[in-house]
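The values are calculated or read from the model by the stated rules, or taken from the named source; none is laboratory data. Only a predicted model underlies this, so the values are computations on that prediction, with no experimental measurement involved. Ideal geometry is used to build each Cβ from the backbone, glycine not excepted, and the neighbour counts take in all protein chains shown. Remember, those area values only see protein heavy atoms, side chains included, never the ligands or the DNA or RNA. Shrake-Rupley method; radii C 1.70, N 1.55, O 1.52, S 1.80 Å.
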Protein chains: 2
Amino acid sequence: MNTFSFCDGLMNDRADKKAARATADQVAREANVSRVAVSRAFNPNASLKPEKRDRILQVARELNYTPDMAARSLVTGRSHLVGMIVPDVCSPWESQEIDALTTALQAEGFATLLFKAKADFSMDPRLLTYMRGFNPDSVIAFTENILPDVLCGFLDRAVPIYVIYDDVAQFAGAASGTLYDRLLVRQKNGIEQAVALLQGYGVRRIAYLGGKAQSLANAERERTLKETLAERGMDAPIVLAGDYTYDTAFRATLDLFRIGEGADAIFAANDVGAFGAIDALRHELGLSVPEDVKVVGFDDIPQAHWKSYNLTTVRIDLEERVRALVRLILMRLRAPDATPFTETLNTRLIVRGTVG
Amino acid sequence: MNTFSFCDGLMNDRADKKAARATADQVAREANVSRVAVSRAFNPNASLKPEKRDRILQVARELNYTPDMAARSLVTGRSHLVGMIVPDVCSPWESQEIDALTTALQAEGFATLLFKAKADFSMDPRLLTYMRGFNPDSVIAFTENILPDVLCGFLDRAVPIYVIYDDVAQFAGAASGTLYDRLLVRQKNGIEQAVALLQGYGVRRIAYLGGKAQSLANAERERTLKETLAERGMDAPIVLAGDYTYDTAFRATLDLFRIGEGADAIFAANDVGAFGAIDALRHELGLSVPEDVKVVGFDDIPQAHWKSYNLTTVRIDLEERVRALVRLILMRLRAPDATPFTETLNTRLIVRGTVG
DNA sequence: TTTGTTGATGAACACGTTTTCATTTTGTGA
DNA sequence: TCACAAAATGAAAACGTGTTCATCAACAAA
């Protein structure tokens, strides 16, 4: 129960095939054609007389026939599977991303193969080994401390790998060495707008409530915030440790005001953290938001517009991002050796009720 | 973009195999054994001299070899894939369930194959056709209006299918006709406790804020609530239409108090709906919870303990439920013809701050 | 030593497709 | 009608594995 029973422990008891699925041979026999014709009927670019194709598809429908993906994968080398490695499916932001990616990929004929990494963003090496067995055409990792190069070592076919740093996705192909396709998020815009707004309200002391320590997204946001404050001649932020969770953000905020010196505004590394901060301020410290303390989040998850929070937050457009990522994957699969692409997305501030 | 390009629109361009994965033949050659021996080395119950097995596994590690699941699936008839059909991955309850199921199944050597159904709980028939191609060993559907029998028609192998009604999971095997494995949730306990608590506070007029109309879970909860109220000699509830979303719950609550006659307590079909109701009461209607109106939810999602809501809710133990479901799947795969099993789970009230 | 039993071994087959290639059919213009 | 290109067709090979079956070695019991 505690460990994987993968790879070296699989039970390979043969399945009962009493109610076996229809095969291409059966369809061929029934329709008086060769098996090859059936195959061609299901491949739109193959040449086959239209009426013949129609008849075959008709018979296939009657027999409830579908090409077997395993067999197809074996000869084609394409599994039509996209592996996703996720530490926490419950996280609102990640679940949104999984949802949107699955929808988009499904429309392109790919199915999502979901794997759960460990909660600390790390990954059991055996998980990679296991995943490799399924031959995914591409891999998207939400796990920030497995670097593309490491992943590449395990997936030794030329599999496009995208590692999502929340902000950055990188591609690594065994062939392309250290050159990656990149999906970048320009944090600057949103943070710039947020800081300008705060400054307009006369905010002076800003606290940054961080995400997971290993998170590169978190590092990038912190760096950009510091840079922006400096450019505007404002004081450097007080940095609090966090881990993207509500509870940790809640406690960190309590500490900031009870033990520490407090702040005029809190910049949280993600929306869920912002919720924790808001609740600590309002329900435990007796402070009001935004009158006493202003709060800004990151992500703009659906919960951000709930009236209890009504959060002002820096938004990354999810649909745009997913479209871009899917486009990268498809292009890379089509042209494995093309020179690396780079797509850049913008962020912008969504102004709601927690500032001003 | 709008429709599936499944099945009849697949691009089957051959993948470049320049960096091909190691095959069992290569391992065999390198280790001076037959290919069969390699196969046996990876199947623990096969008989093979221990030292030979060790040597093979060693070579396999060096060559970074993993058995190809597609090939294995082809001959074995087992894909080690569990298909999940989900309308909304973002829903907190469903994402929790996906997360826990994936973790548990992964530990048993199964990977999760995720498909997205339409938002109205319905499913494109082509989605089933598509999924069938991957030969999942079992299917878990979160989509309430695809009945097991319909699913069975598409998956004509003896595939265990579990349809999750949030409260009820049923199994349908082509062989077993209309007899299902059943995973039941006893709603009665939790609702009983909630009603008793409300009655103790002198509540008289209760509103039931429903979930999706097609949802059987919703129907069951409404029915049980009515039954319980009747048993205790209380008035029948006012029933409001909903769809499990925050926004709809928010508006329904406004209507109830502005157009309708209001209520002393609101029973929401799920936690997210309860949040919508609470926010409408507090932030739009100027009423306080729990003093003016008491609110009870369903599910006990992680957000329920957030201070802004601190929701009193009827809990279904997720871990227990997932364990039971995985156990059912494994047993059914091991013994396809065994007589149907039934597991029953309980619910209980988690008392927090929205009542009392 | 002989017999019987158990465990290890590899050749051949099976799984359900796609693809290659040589062949046949169809269509088009002179 | 003929010649030629283009499209349609099916036989056979390939993909990478698990399993069956007959064989062989080893070892214990008679």
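Listing for the model above:
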item: Which listed residue is out of contact with any helix residue (DSSP H, G or I) (no Cβ under 9 Å at 6 or more places or on another chain), within 12 Å of DNA strand D (Cβ to nearest atom) and either modelled with pLDDT under 90 or under 25 Å from B:Arg327 (Cα atoms) (or both), from B:Ala46, B:Ala20; result: B:Ala20
item: Residue list for the stretch B:22-45, restricted to those being within 9 Å of DNA strand C (Cβ to nearest atom), under 13 Å from B:Gln58 (Cα atoms) and open to solvent by 70 Å² or more (accessible area, probe 1.4 Å); result: B:Asn32
item: Lone qualifier among A:Thr129, A:Thr112, A:Thr143 - being assigned to a helix (DSSP H, G or I) and either at the interface with chain B (Cβ under 9 Å from one of its Cβ atoms) or more than 16 Å from DNA strand C (Cβ to nearest atom) (or both); result: A:Thr129
item: Scan of the stretch A:93-103 for residues that are open to solvent by 10 Å² or more (accessible area, probe 1.4 Å) and at the interface with chain B (Cβ under 7 Å from one of its Cβ atoms), ordered by number; result: A:Gln96, A:Asp99, A:Thr103
item: Boolean, A:Leu74 is away from DNA strand C (no atom under 16 Å from the Cβ), at the interface with chain B (Cβ under 7 Å from one of its Cβ atoms) and without any contact (Cβ under 8 Å) to a residue 60 or more places away in the chain; result: no
item: Of all residues in the stretch B:46-71 being more than 7 Å from chain A (Cβ to nearest Cβ) and open to solvent by less than 20 Å² (accessible area, probe 1.4 Å), the one that is nearest to A:Pro125 (Cα to Cα); result: B:Ala60
item: Test: residue in the stretch A:204-217 that is at pLDDT 95 or above, surrounded by 16 or more Cβ atoms within 10 Å (Cβ to Cβ) and assigned to a helix (DSSP H, G or I); result: no
item: Residue count, the stretch A:50-71 (criterion: near DNA strand C (Cβ under 8 Å from one of its atoms) and either within 26 Å of A:Leu101 (Cβ to Cβ) or not hydroxyl-bearing (Ser, Thr, Tyr) (or both)); result: 5
item: Single match in B:Thr253, B:Thr224 (criterion: in a helix (DSSP H, G or I) and closer than 18 Å to A:Lys307 by Cβ); result: B:Thr253
item: Wholly enclosed strands (runs of 3 or more DSSP E) of the stretch A:259-356 bearing at least 1 residues surrounded by 24 or more Cβ atoms within 10 Å (Cβ to Cβ) and more than 19 Å from the chain's Cα centre (by Cα); result: A:265-268, A:294-299, A:312-316
item: Residue check for A:Ala107: at pLDDT 90 or above, facing chain B (nearest Cβ under 9 Å), more than 18 Å from the chain's Cα centre (by Cα) and open to solvent by 10 Å² or more (accessible area, probe 1.4 Å); result: no
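Matching residues to (1) within 16 Å of DNA strand D (Cβ to nearest atom); (2) within 30 Å of A:Arg21 (Cβ to Cβ):
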| residue | (1), (2) |
| --- | --- |
| B:Glu51 | yes, no |
| B:Val59 | yes, no |
| B:Tyr65 | yes, yes |
| B:Asp68 | yes, yes |
| B:Arg78 | yes, yes |
| B:Met84 | no, yes |
| B:Pro92 | no, no |
